[in-house]
Amino acid sequence: MIYNSILIRYTGEFGVKSFQTQEYIEDLLHSNIKRALNTRRGRDLLSRLTFVSRQGRLYINCAKEQDADVNLLISVVGRVFGISSVSPCFRTSLRDKTAVVSVAAKLMVSHDISQGSKISVRAIKNPNLDIPSLKKDITNFGKKIVQKNDSDKGFSKRRFKKGPRWKTTPWNGPIERMLEIEIYEDQAFISVERIKSPGGFPLGLEDQLVALVSGGLDSPVAAWMAMRRGAIPIFVVMDPHAHKKGSMTSASSVREKALKNIEVLVEYTKGAAEAPTVYVVPYGSVLDAFIKHGAKRGITCLLCKRFMYRVAEHISFIHDGQGIVTGEILGEQASQTAKNLNILDGVVMIPVHRPLFGFDKDEVVGMASRIGTRTIADIGSDPCKGAPNHPTIRGDLIEVEKVEEKIDIKKYVEQCVSRMEKLY
């Protein structure tokens, strides 16, 4: 392909910040991008690139076309938080207007973009450019190519063919096709594909949060949404099959599925100044106690979740975290009614954040598909053995606390925290 540059568009939220804050966020984003690229190809790649920044944009340019690994650049940069979209571009000097018109027209034809489509041209620091004339020349040149039935000698189908299905693994952002030309000073950046990126703020902008992650749909999406706002997560997996560190009574599908979800989420943290931390907490014995004392009352799930919150809070204190992130959705399960969520929140002193609070299941499934965790949720696993046949939808806090006192919940928390396993 002829691409020798990629255009990065920042999230629109950057623009509403003060100048000093905006500058800080952009510097953080640039650092995250360079670290992410460095982890994939090393300094050899970075030495062949130049970075040109302006308000709202970053251009990554390759000095030579043969050195341009645009597919790699998009696969790494396209999933970085803080970026709204990326586009592979052909970069040329505006002084060579013929090249600008020719390349733009040929890209339109090769990518099946209608000649009647809107052509977007934006000129920065170049007020003298005759934009209507440029658009007209591009349209006319494209018509000539079509009329000649692609016989124009300068039109190489190989060079101007459609690019690959750009992979920003694990992110699966949609692609919009239209001809866009951005002119910055004396350079023209010509693109026909705008690839949607995750958006949000760059990782590291916010304080750390503890994210409780399971093998299901909701919790990894909730963790991802907290990451999208700039928080580097501390992942916590509660393993109901393990009784102590390093041991399992049976193959724990809960643990394995949760770790697969985390593996996907960790891909989004490449480039962050701090790597995420992952803990696995064995709590098989305490779950057995909850079942014994809470199943008949229908409060097993409330006991279990309050216990998870306690463990998460303890881990948060270790890392100076500022809250807990869960995948709970209002009314989705019996333990997630407004009253039961109030019972859960009261057990910890730090905030509990629920990014999916108002979502419905279809929205969560769509997000999981785009993030890359959807297929993991489809892997078969045994249902939770602790779920009561008739869970309460309006629990009684006094009753829950009485059961916790009976089984010495503080002792169990200390036991599980002492046995938790730090994977990385």
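Miscellaneous remarks
- Evaluating Thr50 against the criteria (1) in a loop (DSSP other than H, G, I, E, B); (2) free of Cβ contacts under 8 Å to residues at least 24 places away in the same chain; (3) of a type in the set (Ser, Thr, Tyr) leaves one unmet condition, (1).
- Region 2-13 residues that are farther than 15 Å from Gly82 by Cβ and hydroxyl-bearing (Ser, Thr, Tyr), paired with ones that are modelled with pLDDT under 90 and not in a helix (DSSP H, G or I) (beta carbon under 8 Å, 6 or more apart): Tyr3/Ala68; Tyr3/Gly163; Ser5/Cys62; Ser5/Ala68
- Residue list for region 158-204, filter: at pLDDT below 95, farther than 12 Å from Ser85 by Cβ and in a loop (DSSP other than H, G, I, E, B): Lys161, Lys162, Gly163, Pro164, Arg165, Lys167, Thr169, Pro170, Asn172, Glu185, Asp186
- Residue match in region 406-415 (condition: part of a loop (DSSP other than H, G, I, E, B) and either in the same structural domain as Pro282 (by TED's automatic domain parsing) or crowded, with 17+ Cβ neighbours inside 10 Å (or both)): yes
- Subset of region 386-405 [assigned to a helix (DSSP H, G or I), hydrophobic (A, V, I, L, M, F, W, C) and touching a residue at least 60 places away in the same chain (Cβ under 8 Å)]: Val400, Val403
- Set Lys244, Lys305, Lys270, Lys257: member being basic (Lys, Arg) and modelled with pLDDT under 90: Lys244
- Note on region 366-391: among residues that are at pLDDT 90 or above and buried (at least 16 other Cβ atoms within 10 Å of the Cβ), the one that is farthest from the chain's Cα centre (by Cα) is Ile376.
- Qualifying residue in region 72-92 (condition: over 30 Å from Phe201 (Cα atoms) and at pLDDT 90 or above): yes
- Residues in region 111-128 that are polar (S, T, N, Q), in contact with an Asp or Glu (Cβ under 9 Å, 6 or more places away or on another chain) and modelled with pLDDT under 85: Asn126 only.
- Options Asp382, Asp408: the member that is over 21 Å from Tyr279 (Cα atoms), of a type outside the set (Ser, Thr, Tyr) and free of Cβ contacts under 8 Å to residues at least 12 places away in the same chain: Asp408
- Hey, Phe51 within 19 Å of Ile232 (Cα to Cα) and modelled with pLDDT of 85 or more or not: no
- Selection count where residues are among the polar types (S, T, N, Q) and not in a helix (DSSP H, G or I), scope region 250-281: 4
- Conditions (1) modelled with pLDDT of 90 or more; (2) hydrophobic (A, V, I, L, M, F, W, C); (3) surrounded by 13 or more Cβ atoms within 10 Å (Cβ to Cβ); (4) over 27 Å from the mean Cα position of the chain (by Cα): number failed by Met349: (3)
- Helices (runs of 4 or more DSSP H) within region 293-378 that include 2 or more residues more than 20 Å from Pro220 (Cβ to Cβ) and among the hydrophobic types (A, V, I, L, M, F, W, C): 300-319, 338-345
The values are calculated or read from the model by the stated rules, or taken from the named source; none is laboratory data. For clarity, every value in this text was computed on a predicted model and none was experimentally measured. Methodologically, a virtual Cβ is constructed for each residue, glycine included, from the backbone with ideal geometry; neighbour enumeration extends over all protein chains shown.
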